Amino acid sequence: MNTKIINYSQCWEDPNILLEALSIHPNDNVLSITSGGDNTLALLIASPQKIVSIDKNVAQNYLLELKIAAARSLPYDEYLEFLGVVGSGRRSALFQKVHSSLPRAAGEWWSTHMSLIKRGVIHCGRFERFTNWFARYILPLIHNKKTINKLLSFNNIEEQRTFYRDRWNSRRWKFFLGFFSSRLILGRFARQPGMFMYAEKQAVGDVYRQRLERHLTSVPIAGNFFLHYRLTGQYGDALPLYLQENGHSRLRKVPESTLSISTNDLLSYLHSVPDNTFSRFNLSDIFEALSPEDNDASWREIIRTAKPGAVIAYWNNLVRRSYPVQQSSLIKTNESLLRDLQAKDRVFFYDSFRAHTILK
């Protein structure tokens, strides 16, 4: 992993189902994977007692620190402008207002990466740059703007399904989506190559095309800012929780001591943590790039550091990971709840959403 660049400037896991699965309470201590920072901020808005956000890429942690510093330093309109939700020609000036609220190391890093500030930092990740390139240059070769906007306008799932099958799902769409979702293209331009290390030798482009088809014919598009961004490079009318006005207001009121940030990989960090520390875990798709041995070692540490009744939430993408079978007696899973949550997941490219309760 290149720890000098931002790989993800947004989180591509649905915070709504994460929050429903974790059901945050005021006395919760939460461990969260940083990634783009969005879901750590969504959890912070839910008002737990404490959050530790970790990422082995220090640039991802600097991004989280920038987003929360912007919330604390800027009024709502300038907050959206600075981060890139709306257009701006004065982000460098707005950064001067934010800079004093940043930790020293983060402030120095961002001061040497002003091109990312000027772009709008929600667009600066490797994955987001690829997504924007596809929306700007490739999608117009498949569908015109009127057709794209029509797909994004549906509130009725039956009408959406019919439009997708009759108008959207052309041979050109299937070809371009499959090609630009292939292992080769994603590994070279969008995702970290290591994320495919343990994936089966399958046609990744076909897998993602089929998942998107299921999604577009079963999950309403209305309010899906993830899909809106994938197709247009902007969120549209719906926004992630931390970018909503109420979320901005609540972030400004969160005591600074509630959030601590650590640059470390999951297993190394957990080795440093006492038994029975965390009651909630947001682990993103962290297991995707782990070897089977590191996966099992991580689960042993998760269970050790989890409080009785702790809830662990994560996503599987191309690699189906779970806890070691030897730990089954310590794990409880509500499959009915997970089916309901996965049916509502607004992000199409995951195989499954998983959540487990620790029995101690």
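Values quoted throughout were computed directly from the atomic coordinates according to the rules given, and no laboratory measurement underlies them. Keep in mind that this is a model prediction, so the values were computed, not measured. Note: ideal-geometry Cβ built from the backbone for every residue, glycine included; neighbour counts use all protein chains shown.
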Where the centroid of each part is defined by its Cα atoms, how far is segment 1-35 from segment 307-360 in Å?
15 Å
Placing +1 on each Lys and Arg Cβ and -1 on each Asp and Glu Cβ in segment 126-232, then taking the dipole about the Cα centre, the residue among Leu231, Phe176, Leu152 whose Cα reaches farthest towards the positive end is Phe176
Enumerate the amide H contacts of Ala310 below 5 Å, restricted to partners 5 or more residues apart or on another chain; note that Pro and chain-start residues carry no placed amide H.
Ile358
Inverse of mean 1/r across different Cα pairs in segment 182-323, Kirkwood, Å
18.3 Å
Whichever lysines have a C-alpha closer than 21 Å to that of Lys146, once near sequence neighbours (fewer than 8 apart) are set aside
Lys174
Eligible lysines near Lys360 by straight Cα distance, threshold 16 Å, same-chain separation 8 or greater:
Lys307, Lys332
Please enumerate, by chain and number, the lysines with C-alpha under 17 Å from the C-alpha of Lys118, excluding those fewer than 8 residues away in the same chain.
Lys67, Lys97
Within the chain, what percent of beta bridges assigned by DSSP are antiparallel, to the nearest 5?
30 percent
Once you charge only the Cβ atoms, +1 for Lys and Arg and -1 for Asp and Glu, what is the size of the charge dipole of segment 13-140 about its Cα centre, to the nearest 20 debye?
560 debye
For the pair Thr112/Lys344, report the inter-label distance in nm, with labels modelled 7 Å from Cα in the Cβ direction.
4.4 nm
Using +1 on the beta carbon of Lys and Arg, -1 on that of Asp and Glu, and nothing else charged, what's the dipole of segment 185-295 about the Cα centre, debye to 20?
420 debye
Expressed as a rounded percentage, what relative contact order does the chain have, with Cα pairs under 8 Å and six or more residues apart?
23 percent
Order the peptides 329-342, 73-86, 261-274 from the highest to the lowest mean number of other Cβ atoms within 10 Å of their residues.
73-86, 261-274, 329-342
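Taking the Cα centre of the chain as the origin, how large is its charge dipole in debye, to the nearest 20, when only Lys and Arg (+1) and Asp and Glu (-1) carry charge on their Cβ atoms? Mind showing how you got there, number by number?
Values: 46 positive and 33 negative charges, 206 e Å.
Its charge dipole is roughly 980 debye.
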